[in-house]
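K.L.:
The structure follows.
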Amino acid sequence: MTAVPAAIVATGQTKHASRRLDVSMAEMAREAIDRCLGARGLAFDEIDAVVAGNMEMFEGIYLVDQFFIDALGALGKPLFKLNTGGTVGASVAVACYHLVASGRYRTILGVGFEKQSDGSTQAAITTVGDPIWERAVMAGAIGNFATMASTYIHESGVTELQAAKVAVKARLNACRNPYAHLHLPDITVEQVLESEYLAHPIHRLDMCPSSDGACAIVMAAESEAERLAEHPAWVHAAATAHDQQYMGDSPKRLAVMRSLRAAAAKGYRQAGISDPFHDFDVAEIYEPASYAELAMCENLGICEMGGGGRLIDEGLTQMDGPLPVNPSGGVLSANPVGATALIRVAEAALQVMGEAGDHQVDGVRRALATGYGGNAWTDLMVLSRERPS
Amino acid sequence: MAVNEVAGGTLGSEAKVAADGVMALLYAIARVQDGDQHLNLVVAHSKESQADPHGIELAGFDPYYERALDPDDTVAAGLQAGLYYARSGLGPADAARVVAAARARSEVLDDVTVEDVLASAPTCDPLRELDRAPRMDAATALVICDESTMRARDRSGVRLVGGAARAGAWWTARDLARADEARDAADEALALEGWEPSSLTRIEINAPFAFQQLLIGEALGLGDGESLVRRLAGGDGTAGRVNADGGWLAGSATSVAGLAACGHAVAELRDRGGRALIHGATGICAQSHAIALLEGVA
């Protein structure tokens, strides 16, 4: 079996915000879709299939894809709905890739959306934990990441100051991205460190916001991709690895991110990556908390284990550094969960296509994107200007 | 997530498709066709006894305009059944024959008669309790692989030919008495392989209500009126048996039924050869439809 070369040729996002009171969730998803298709003048009848991702329990709509048939433009088409926790946006992109690479479909629309203001996100996330052993002590995303960050600090020696620098970098990068939720041009490290603890060691400004937003991509096959985009973002790797359900079964979860390491090993092998720090020109990684970016860089092999703090201290992942990480502002600047990981992939694609606007990194030829969520699950994609041989 | 470990998914590549298991199968086929995987485990599971089915189904309705009426899938299906019976000329007694035939083929549920169905408790007119598949805890799993892997393991297998899917309109925005998307999906799947409908030796229709199986069967070209009922309820002696193991009405569950039907078909196709069309439905009033085609390799 041989994969048909496939590439992302268009992306679209909403302006992410705390509360989109002007639109319903369906209208919000459609906003991103219209921008995506409009970017290339595509019509719905040119789309062969739709892949959708959303966290149903956040807004409490069961089979939301069926309710949103019209908004998704999926009437009369194959509609795949994925549910893989916070990873789901990247899982959508991975599914778009495989459905095109299989030769079955030529052009696929991938959509991720979340309207957190319509529901109760942390109450829903709490149900991920085991009802007897985990919910009482690690309820919701903040409790989980606080536990993980504590472990990471202990193992790596990273400091609250270094994490705060990540938080500042993300928010300043976001000021160049018109779709980012948070625009905080005056943010300082001191402000981050002085913001209240949500759960030690996580300060409020170390954590991502809760956002309403949507993202869409179009994945197309070989000649179709070349027709639609001047510089398609070709998929060179699409890898997934999921960790065990119970946090206690994968100790030191943020310090040793087994699923990230496994997905990186698979994806780098697929794409021929041997030196991630030098082989990638930009990375969009899924960091719901400041500490996560540092730990993820270590586990992705961007630096040595324990070297995350050094990366930020030396400015290596800044916009003007050798490997900019999250020029979009990352998850720390916008987190509409069902869309978030797809935004990572879309932003990586924009960088490869040379269409990222004010947050474009010069000369990008190869980009890394990751999705992370659920019970430490990882999706990883490598995008490139070079068409796969 | 809940089955990651028991499915052997730890540090492996896993995705969850939220629909009938046939949709998961179609995604799994793509993962094998593009060379990403040689072997793929497809699992469908549902533990309906652990949930509040009414509450979950209620959450599937429009939160702005419909939920205040406290509907669930049975309420919507009652309206659909009325429309279908009015259009088709069929009625509760015909659906009851389908239920009785399914239960007679069931390995896990007791037999019921047509009279039992017609005398069971009314739910939403014209439906009665036994018109709907009972709530079940169920899981099923299939392993699919590429041809080289099958040859290397020296196993005569069943060729998973392909499939197609079509999403239908929201239940208040379409003609509930028809299932055009099921027909379109089947037509596309068959046309892709150049199969004539008459070449099918087994057809599995999966929807939770007996009348929906008649409705979808009609859309799939299995006849109409009495001939359609005979195809689904057995006894007409024609080739292309329908729901040979009873299907969802014989004991299955949401998300599981279509994939379980694939498993049942595999067992037969491996032994006897033949061609099977497996249907799975998702959503209120069987909104969206997926089709998989399987062929026994002699």
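The values are calculated or read from the model by the stated rules, or taken from the named source; none is laboratory data. Source: prediction; values computed, not measured. For neighbour counting, all protein chains shown are included, and Cβ atoms are generated from backbone atoms with ideal geometry for every residue, glycine included.
K.L.:
Please find, among B:Tyr65, B:Tyr27, the residue that is assigned to a loop (DSSP other than H, G, I, E, B) and within 14 Å of chain A (Cβ to nearest Cβ). Reasoning before the result, please.
P.N.:
Details: B:Tyr27 fails: assigned to a loop (DSSP other than H, G, I, E, B).
On inspection, the qualifying residue turns out to be B:Tyr65.
Conditions (1) of a type in the set (A, V, I, L, M); (2) in contact with a helix residue (DSSP H, G or I) (Cβ under 9 Å, 6 or more places away or on another chain), marked per residue:
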position: B:Pro63; (1), (2): no, yes
position: B:Leu83; (1), (2): yes, no
position: B:Cys124; (1), (2): no, yes
position: B:Cys145; (1), (2): no, yes
position: B:Arg153; (1), (2): no, no
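K.L.:
At positive phi and out of contact with any Lys or Arg (no Cβ under 8 Å at 6 or more places or on another chain): is that true of A:Gly354 in this structure?
P.N.:
It is true that A:Gly354 is at positive phi and out of contact with any Lys or Arg (no Cβ under 8 Å at 6 or more places or on another chain).
K.L.:
Determine which member of the set B:Arg97, B:Arg135, B:Arg153 is away from every other protein chain (no Cβ under 14 Å), of a type in the set (D, E, K, R) and buried (at least 17 other Cβ atoms within 10 Å of the Cβ). If you could, list the steps in order and put the result at the bottom.
P.N.:
On the way: B:Arg135 fails: buried (at least 17 other Cβ atoms within 10 Å of the Cβ); B:Arg153 fails: buried (at least 17 other Cβ atoms within 10 Å of the Cβ).
Of B:Arg97, B:Arg135, B:Arg153, the one residue that is away from every other protein chain (no Cβ under 14 Å), of a type in the set (D, E, K, R) and buried (at least 17 other Cβ atoms within 10 Å of the Cβ) is B:Arg97.
K.L.:
Within region A:8-58, work out how many residues are within 14 Å of another protein chain (Cβ to nearest Cβ), under 26 Å from A:Glu226 (Cα atoms) and buried (at least 16 other Cβ atoms within 10 Å of the Cβ).
P.N.:
6
K.L.:
Also, quick follow-up: Which of (1) more than 11 Å from every other protein chain (Cβ to nearest Cβ); (2) within 24 Å of A:Glu59 (Cβ to Cβ); (3) touching a residue at least 40 places away in the same chain (Cβ under 8 Å) is the odd one out, the single condition B:Ala19 does not satisfy?
P.N.:
Looking at each condition in turn, B:Ala19 falls short on (1).
K.L.:
Sticking with this one: So how many residues does region A:211-255 have that are farther than 21 Å from A:Ser91 by Cβ and among the hydroxyl-bearing types (Ser, Thr, Tyr)?
P.N.:
So the answer is 2.
K.L.:
Of all helices (runs of 4 or more DSSP H) completely enclosed by region A:118-235, which ones contain at least 2 residues that are free of Cβ contacts under 8 Å to residues at least 40 places away in the same chain and farther than 23 Å from A:Asn54 by Cα?
P.N.:
Numbers: elements: A:121-126, A:140-156, A:160-174, A:189-194, A:222-228.
Here the list reads A:160-174, A:189-194, A:222-228.
K.L.:
I'm told A:Ala264 meets every condition in (1) touching a helix residue (DSSP H, G or I) at 6+ places or on another chain (Cβ under 6 Å); (2) within 18 Å of A:Val88 (Cα to Cα); (3) of a type in the set (A, V, I, L, M) except one. Can you identify the failing condition by its number?
P.N.:
Of the numbered conditions (1) touching a helix residue (DSSP H, G or I) at 6+ places or on another chain (Cβ under 6 Å); (2) within 18 Å of A:Val88 (Cα to Cα); (3) of a type in the set (A, V, I, L, M), the odd one out for A:Ala264 is (1).
K.L.:
Restricting to region B:163-190, name every residue that is away from every other protein chain (no Cβ under 14 Å) and in a helix (DSSP H, G or I).
P.N.:
If the condition is that a residue be away from every other protein chain (no Cβ under 14 Å) and in a helix (DSSP H, G or I), then B:Leu190 is the only one that fits.
K.L.:
Being over 20 Å from B:Arg31 (Cα atoms) and either in a strand (DSSP E or B) or without any contact (Cβ under 8 Å) to a residue 40 or more places away in the chain (or both) is the filter here, so list the residues in region A:65-84 that pass it.
P.N.:
Passing the criteria: A:Asp65, A:Gln66, A:Ile69, A:Ala74, A:Leu75, A:Gly76.
K.L.:
Quick one: A:Gly309 ticks every box in (1) surrounded by fewer than 24 Cβ atoms within 10 Å (Cβ to Cβ); (2) modelled with pLDDT under 95; (3) of a type outside the set (Val, Ile, Thr); (4) touching a Ser or Thr at 6+ places or on another chain (Cβ under 7 Å) bar one, so which box is it?
P.N.:
(2)
K.L.:
To continue, here is another question. Run B:Arg67 past the list (1) under 16 Å from B:Thr254 (Cβ atoms); (2) at pLDDT 95 or above; (3) more than 21 Å from the chain's Cα centre (by Cα) and report the number of the one that doesn't hold.
P.N.:
B:Arg67 satisfies all of (1) under 16 Å from B:Thr254 (Cβ atoms); (2) at pLDDT 95 or above; (3) more than 21 Å from the chain's Cα centre (by Cα) except (1).
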